[in-house]
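Before any comments, here is the structure.
The values are calculated or read from the model by the stated rules, or taken from the named source; none is laboratory data. As the structure is a computational prediction, the values presented were derived from the model and not from experiment. Every residue, glycine among them, receives a Cβ derived from its backbone with ideal geometry; neighbour counts consider all protein chains shown. Please note that ligands, DNA and RNA were not included when accessible areas were found on the heavy atoms of the full protein model with its side chains. Shrake-Rupley method; radii C 1.70, N 1.55, O 1.52, S 1.80 Å.
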Amino acid sequence: MINSPSVSGRKRKPSQIIDPSNLDEFVSELTDQEAIELFYDWQTWGRANQQVPTDEDWWTIWMILAGRGWGKTRCGAEFVRYHVENGLAGRVALIAEDAGDARDVMVEGESGILAISHHKCRPTFVPSKRRLEWPNGAIATIYSDADPEALRGPQHDLFWCDELAKYKNPDSVWSNLMFGLRLGQKPRGCVTTTPKPIPIIRKLVDDPRTLVTTGTTHENFSNLAPTFRDEIISEYEGTRLGRQELYAELIDPEDYGIVKREWFRLWSADLEFPEFIYILQSYDPAYTDKTINDPTACSVWGVFKPSDDQPMSVMLIDCWEDFMIYPDLKRKMIDEYDSVYGEPGKKVDQVLIEEKASGLSLIQDLQRSGIPVRGYNPGRADKTQRLALIANIIERGRVYVPESTLKRGQPRDWAEKLISQICSFPESERDDLIDTTSQALRLLRDMSLITVDFPRDNDDLYVDDTQPRRVNPYAI
């Protein structure tokens, strides 16, 4: 589970808790007006860790990472209701994966803002304007992950962001939202989501301005349908999906990556770089130099023999990422080609560039400059397939990275970036260095400079009776 501040650990005034065993008797004794007032009293019905954290002032973001059915939607709606009805917010942003989710869940849902608001101060939903309008003049506008640019410009003093971990453009949504959170004396926001280990979630959890509340599906069992408890819970209990969706664990993406960190071998910082027999520079060029796009990435690989009795291996000897426009990138690639690596010093033998976008022009221009460059076309293979194709090279211990001189037992900082991307895939923040790695190792294997799958010796086609025989179970 996440080791972060939790609302459940706060000291707060005890709320009036009704004994469930006497609930029917208690309610029957209420007048109609008392029953209505009690129905909308969240301090009575909500659990302690579901209450708006009004007794803490240091936080800017209240992040609720909880399992399915825990009550996240109700908490987000109550968060908005509390601030609006107490005059603490006048311009609210409601963000969901799409506009339909915002309307059906956040606004009109069973636990949405309209359902949980008292009739005296219930807002009016105006679909044509995508907004809620309260009697006191406050306004909440609907936005969606499908159009992050819509958040560019509007100003807010409060927001509720639902299921952030599901967004396709979480970084763009979040940056535009934060630039607009500039009204009032204490602008704040609430994020309600089932956790996934995507970068924005990990970043917010580690942010000192974030107050994190966690909870499991089991906490709200009494309010869930029996079929959900009996069928869904039993099916996913103990699984990775269950840990994430029921227990709200923020699972380390490296735990389930295709490539494991321990597969990489460290080249001791006490040793000089070996003599390389082949140097390959591998590039994944970006489309543009805009920061909202992926950067250009490069990794440099040297083929060598660790010792006389060890097979040929490959070492990561450089890698970098940079946002560069085409002319500058071309000049940098020409300068990089002139680099010398290892002892006694080896020049680059081959430059490999993925054939996409600006890569096509770079290949042609570099060839005219006399640089030995070739294009790489991954065909229809997606990034997962490409990484899987070369994972066994790393698993067999054929890939080395330089050890840090300051942090022994760890790779150098520039190499850590590549290792983290590969081992966290597909949940890594970027995947550009992954592309340069998969295409480089695949080419080196296809050129037979690295061999991991040796042919078996099949000289003896017949065996004697002393060897065990296998029986085809389907032939019985």
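Highest first, please rank the peptides 54-67, 256-269 by the mean number of other Cβ atoms sitting within 10 Å of their residues.
On the way: 54-67: 18.2, 256-269: 16.2.
Final packing ranking: 54-67, 256-269.
Angle of helix 72-85 to the longest C-alpha principal axis of the chain, folded into 0 to 90 degrees and rounded to 10: 50°. Placing unit charges on the Cβ atoms of the charged side chains and taking the dipole of region 68-193 about its Cα centre, the candidate lying farthest along the positive direction among Ala96, Leu181, His83 is His83.
Once the Cα atoms are used to define both axes, helix 358-368 deviates from the longest principal axis of the chain by about 20 degrees. When a/c reaches 1.5 or more, the comparison of a/b and b/c decides; with that in mind, is region 90-158 rounded, prolate or oblate per its Cα gyration tensor? Here region 90-158 falls in the oblate category.
Our estimate of slack between Ala225 and Ile258, defined as 0.36 nm per intervening residue step minus the Cα-Cα distance, is 8.2 nm. Averaging Cα coordinates gives a centre for region 372-444 and one for region 133-158; these two points are 41 Å apart.
Accessible surface computed residue by residue for the chain, with neighbouring protein chains in place and a 1.4 Å probe, gives 52 Å² per residue.
Here the simple spin-label model places points 7 Å from the Cα toward Cβ, and for Ser268 and Glu355 these points are separated by 4.5 nm.
Which of Lys168/Lys305; Lys168/Lys407; Lys260/Lys346 have a Cα-Cα distance over 32 Å?
Numbers: Lys168/Lys305 44 Å; Lys168/Lys407 36 Å; Lys260/Lys346 30 Å.
From the list (Lys168/Lys305; Lys168/Lys407; Lys260/Lys346), the Cα-Cα distance tops 32 Å for Lys168/Lys305; Lys168/Lys407.
Take every DSSP beta bridge whose two residues both sit in the chain, then give the antiparallel share in percent to the nearest 5.
Details: 25 of 65 bridges.
In the chain, DSSP labels about 40 percent of beta bridges as antiparallel.
Net charge dipole, the chain: roughly 1020 debye, given to the nearest 20, about the Cα centre with Cβ charges of +1 for Lys and Arg and -1 for Asp and Glu. Relative to the longest principal axis of the Cα atoms of the chain, helix 170-180 runs at roughly 50 degrees.
If we sort 274-283, 335-344 on the protection proxy, mean other Cβ atoms within 10 Å, highest first, what's the order? Spell out each step's value before the answer.
Working: 274-283: 21.4, 335-344: 13.1.
Going from most to least packed, we get 274-283, 335-344.
For region 131-140, the Karplus equation 6.51 cos²θ - 1.76 cosθ + 1.60, evaluated at θ = phi - 60°, returns couplings of 8, 9, 10, 8, x, 7, x, 5, 9, 10 Hz by residue, with Gly and Pro reported as x.
Taking square-rooted eigenvalues a ≥ b ≥ c of the alpha carbon gyration tensor, is region 241-361 rounded, prolate or oblate, where a/c under 1.5 means rounded and, failing that, a/b exceeding b/c means prolate? List each step's numbers first, then the result.
Values: a/c = 2.71, a/b = 1.14, b/c = 2.39.
Here region 241-361 falls in the oblate category.
Compute the Cα gyration tensor for region 331-427, then decide on rounded, prolate or oblate, letting a ≥ b ≥ c be the square roots of its eigenvalues: rounded whenever a/c is under 1.5, prolate when a/b is larger than b/c in the other cases, and oblate in all that remain. Write down the numbers at each step before the final one.
Details: a/c = 2.15, a/b = 1.21, b/c = 1.77.
Oblate, since a/c reaches 1.5 and b/c is not below a/b.
What does the highest-first list of 118-129, 178-189, 393-404 look like by mean Cβ count within 10 Å?
393-404, 178-189, 118-129
Model label points for Asp32 and Val126, set 7 angstrom from Cα along the Cα-to-Cβ axis, are 3.2 nm apart. With the alpha-carbon atoms of the chain aligned to their principal axes, the span from lowest to highest coordinate is 91, 69, 44 Å, starting with the largest.
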